[in-house]
Amino acid sequence: MGHRRTDSKQRYQCARLICAYLLMQHITRAVVTARDIAQFHHLTGESFRSISAMLNFLYTNRIREASFGFYIRGSVPFKKTDYPHHYTIELFDQARGVP
């Protein structure tokens, strides 16, 4: 059960959705799934796959680029599989508006 690859433009679009999710709820850290983010933005049923692929890419490669606006602190496996499903996401200070 693999993820589709997302190109860099689509990754930044997904990153904007994730940052908007956190900022619109006035939180800086959350434990969420890709489906939670897609449902919050009223996206179609399958759009969570792109968000999930991007989160998986960032988590697997341990990427912490400020250009995305957030980083992944960790994940919680879903049931008994080792597949990360819930991600702990935190905004960088720049995304919060802190100098």
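Scanning the range 37-50 for residues being at negative phi and either modelled with pLDDT of 90 or more or loosely packed, with under 15 Cβ neighbours inside 10 Å (or both) gives a total of 9. Within the range 1-36, the residues that satisfy the criterion of being under 16 Å from GLU65 (Cβ atoms) and at pLDDT below 85 are THR6, ASP7, SER8, LYS9, GLN10, ARG11.
State whether one or more residues within the range 88-99 are modelled with pLDDT under 80 and either among the basic types (Lys, Arg) or within 10 Å of the chain's Cα centre (by Cα) (or both). Before the answer, list the steps.
To start, the set of residues in the range 88-99 that are modelled with pLDDT under 80 comprises 93-99.
So of that shortlist, the ones also either among the basic types (Lys, Arg) or within 10 Å of the chain's Cα centre (by Cα) (or both) come out as 96.
Looking through the range 88-99, at least one residue is modelled with pLDDT under 80 and either among the basic types (Lys, Arg) or within 10 Å of the chain's Cα centre (by Cα) (or both).
Residues of the range 40-70 that are in contact with a strand residue (DSSP E or B) (Cβ under 6 Å, 6 or more places away or on another chain) and either free of Cβ contacts under 8 Å to residues at least 12 places away in the same chain or polar (S, T, N, Q) (or both): ARG64 alone.
Checking each residue in the range 18-49 for being in contact with a His (Cβ under 6 Å, 6 or more places away or on another chain) and either closer than 17 Å to LEU91 by Cβ or among the acidic types (Asp, Glu) (or both) picks out only VAL31.
The values are calculated or read from the model by the stated rules, or taken from the named source; none is laboratory data. Since the model is a prediction, treat every value here as computed from it, not as a measurement. Note that we place each Cβ from the backbone using ideal geometry, even for glycine, and neighbour counts take in every protein chain shown.
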